[in-house]
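Contents: one structure, followed by commentary.
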Amino acid sequence: MSQTLIESKLDQAAATFRQVVPAGEPFLHRIERGQVFRILDLEGNQAVDTLFYSAGDTEERYDANNTIREQGNIYLTTGTRLLSNEGNPMLTIVADTCGRHDTLGGACSAESNTVRYALDKRHMHACRDSFLMALADYDHGLSKRDLSSNINFFMNVPVTPEGKLTFEDGVSAAGRYVELRAEMDVLVLISNCPQLNNPCNGYNPTPVEVLIWNA
Amino acid sequence: MTEAANNFRPELVLWQENVPAGAHWSGVLRRGVTLRITDVNGGANAAMLLYNWENPVERYNMADTLKGQHTAFLTAGNVCYSDMGRVMCSVTQDTCGWHDTICGVSNAADVRARYGEADYQAYQNDYYRNGFDSLVNELGKYGLGKRDLVSTLNLFSKVTVDDNGGMQYVPGNSDAGAFVDLRFEMDTLVVLSTCQHPLDPAEAYQPRPVDLVAWKSAPVGKDDLCRRHCPENERAFINTERLYASL
């Protein structure tokens, strides 16, 4: 898969929805089939942990393994169809000025911080806490059971031919974005990552903006 | 390598069982029990999921397992992490060398498109099964379901990733008699499907069986291969010990 950067033709002024999501905050929103959804990296090198659920049946959800296996490539970029656990296309990436997004690195959590960094890192804010609080406020029966393997937009997690998994400096920068067209009505759940212990946010978590255009 | 500490000895065996080709299986493996999974004929694939038997919302987590050990596949010395920073099981011995963690499982449409129709009415127990439905079926026995079907392991299968991110299935990864030993560090619900790997290029429906044998593990020493593999594993073992700390 090439890493050609594809720009969008959409005008930000024509977006019907815009919201800045500060670092450390979750975001949960419904996107209708045909709408185009953009995540804009405002200041650069910001990981945006993201899950999608079918709005009509939340048991159908984004499946990282189906998505990478069926396209034969572990990186997400323009042209990638995000597949569900049932094998259906949920969204298609239609523009990408970053070039590579991760879906193997998962979301940080208080507990994984104890393992990865030190036992006393448990009390730092983490993505899975943001996810849990967003689901607790959203009265549709979603819970920790529904936190499956997520996408990390703007994050760079290469796998070597020998099978080593590494976390590299981000390939994103201020003003870069990824844009997705919904192929079904979906719920998007985001944690704008608060991680301070590794370079996924350049050790400085910053805000992102989400924008939506009607079909 | 100190793998001799947890070697198989017939006098320690608790039970053994065969899982036929294309079948699904589940069982509870207690802390302190080792499960050897053997590829009987070569070329097997065993999709596997792990859940905390006391609290199944804690389960095997692909990303935490890979991040903690800086690897995209599993072999001897690695462990399987739960999403709560604990070690569910340790890979104490492995004669295969590479177990896939990133490809997930086939579904009914994949199997129909690839191998054609073979329903129970016409084929009885030789009907064609797929990984997704097999795991959902087995999870249902515990009140679990599609919501709980997270990223699986694919034991005995190998898929590599090139410098551009391209994925390649590597045929012939597992010979007849290859085995992997999983020493359970938590009371764990294990769910298995022996359907073919979704990238298996074989043109025919030809899943393979595995043999299971469970035995009483040797105690986990301070110099344990898996515990000493990396500082992350050491910390995850400490988290696990705290779960089972008692008077």
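Karplus couplings for the range B:221-228 from phi (6.51 cos²θ - 1.76 cosθ + 1.60, θ = phi - 60°), rounded to Hz, Gly and Pro as x?
Karplus values, whole Hz, x for Gly and Pro: x, 5, 9, 4, 3, 6, 5, 8.
Ranking request for peptides B:46-52, A:38-44, A:201-207: highest mean number of other beta-carbon atoms within 10 Å first, then the rest in descending order. Walk me through the numbers before you get to the answer.
Working: B:46-52: 24.9, A:38-44: 20.1, A:201-207: 16.4.
Result, highest mean first: B:46-52, A:38-44, A:201-207.
Given only helices, namely DSSP H runs of n ≥ 4 each adding -39500 (n - 2.57), what is the per-residue ellipticity at 222 nm of chain A, to the nearest 500 deg cm²/dmol? Display every interim value, and only then the final one.
Details: 3 runs with 26 residues, N = 215.
The per-residue figure over chain A is -3500 deg cm²/dmol.
If we sort B:204-211, B:164-171, B:150-157, A:14-21 on the protection proxy, mean other Cβ atoms within 10 Å, highest first, what's the order? Walk me through the intermediate numbers first.
On the way: B:204-211: 17.9, B:164-171: 14.9, B:150-157: 26.5, A:14-21: 13.0.
For the peptides B:204-211, B:164-171, B:150-157, A:14-21, the packing ranking is B:150-157, B:204-211, B:164-171, A:14-21.
How charged is the neighbourhood of A:Arg81? Take every other residue with its Cβ under 13 Å from the Cβ of A:Arg81, and add Lys/Arg as +1 and Asp/Glu as -1. Kindly include the intermediate steps, with their values, before the conclusion.
Values: positive: A:Arg69, A:Arg181; negative: A:Asp63, A:Glu70, A:Glu183.
Computed value for this residue: -1.
For A:Ile93, A:Ile31, which order do you get if you count the other beta carbons within 10 Å of each Cβ and list the fewest first?
By the 10 Å Cβ count, ascending: A:Ile93, A:Ile31.
Calculate the length of the line joining the C-alpha centroid of the range A:54-117 to that of the range B:12-75, in whole Å.
Spelled out, the Cα-based centre of one part sits 24 Å from the other.
Expressed as an acute angle from 0 to 90° and rounded to the nearest 10, what is the orientation of the C-alpha long axis of helix B:231-243 relative to the principal long axis of chain B?
Compared with the principal axis, the helix lies near 80 degrees.
Any chance you could run the full-extension gain for B:Asn41 through B:Lys222? It's 0.36 nm times the residue separation minus the Cα-Cα distance, nm to one decimal. Display every interim value, and only then the final one.
On the way: separation 181, 0.36 × 181 = 65.16 nm, distance 3.62 nm.
Gain in length upon complete extension: 61.5 nm.
Which pairs break 18 Å Cα to Cα here: B:Lys67/B:Lys216; A:Lys121/B:Lys67; A:Lys144/B:Lys146; A:Lys164/B:Lys222? Mind showing how you got there, number by number?
Numbers: B:Lys67/B:Lys216 30 Å; A:Lys121/B:Lys67 16 Å; A:Lys144/B:Lys146 13 Å; A:Lys164/B:Lys222 26 Å.
Among B:Lys67/B:Lys216; A:Lys121/B:Lys67; A:Lys144/B:Lys146; A:Lys164/B:Lys222, the Cα-Cα distance tops 18 Å for B:Lys67/B:Lys216; A:Lys164/B:Lys222.
Would you mind calculating the relative contact order of chain A from Cα pairs under 8 angstrom and at least 6 residues apart, reporting the percent as a whole number? Don't skip to the end; give the middle numbers.
Working: 549 pairs, mean separation 91.5, N = 215.
Relative contact order for chain A comes out at 43 percent.
Ordered by residue, what ³J(HN,Hα) values in Hz, to whole numbers, does the range B:26-41 give under the Karplus form 6.51 cos²θ - 1.76 cosθ + 1.60, where θ = phi - 60° and Gly and Pro are x?
Coupling constants for the range B:26-41: 8, x, 9, 10, 7, 3, x, 10, 9, 10, 9, 10, 10, 7, 5, 9 Hz.
Could you tell me the distance between the Cα centroids of the range B:131-176 and the range A:136-184, to the nearest Å?
20
For B:Gln168 and A:Glu7, what is the calculated FRET efficiency with R₀ set at 45 Å and r taken between the beta-carbons, to the nearest 0.05?
On the way: r = 31 Å, r/R0 = 0.70.
Once the sixth-power term is evaluated, E becomes 0.90.
Would you compute, from DSSP H runs of 4+ residues alone, the mean residue ellipticity of chain B at 222 nm, taking -39500 (n - 2.57) per run and dividing by the full residue count, rounded to the nearest 500? It would help to have the intermediate numbers written out before the result.
Numbers: 5 runs with 43 residues, N = 247.
Calculated from helices alone, the mean residue ellipticity at 222 nm is -5000 deg cm²/dmol.
With θ set to phi - 60° and the Karplus curve 6.51 cos²θ - 1.76 cosθ + 1.60, what are the ³J(HN,Hα) couplings of the range B:184-191 in order, to the nearest whole Hz, using x for Gly and Pro?
7, 9, 9, 5, 10, 7, 10, 10
For A:Ala215, what charge total do you get from the other residues with a beta carbon under 13 Å from its beta carbon, if Lys and Arg give +1 and Asp and Glu give -1? All intermediate terms of the calculation are to be shown ahead of the outcome.
On the way: positive: A:Arg33, A:Arg181; negative: A:Glu32, A:Glu183, A:Asp185.
Overall, the nearby charge balance is -1.
Amide H of A:Met90 versus every other amide H placed in the peptide plane: which residues, excluding those fewer than 5 positions away on the same chain, fall under 5 Å?
When sequence neighbours closer than 5 places are left aside, the close amide H contacts are A:Leu82, A:Leu83, A:Ser84.
Each value in this text was obtained by applying a stated rule to the coordinates, not by laboratory testing. Just so it is clear, the structure is predicted and the values come from calculations on it, not from any experiment. Cβ sites come from the backbone with ideal geometry, for glycine too, and all protein chains shown count toward neighbours.
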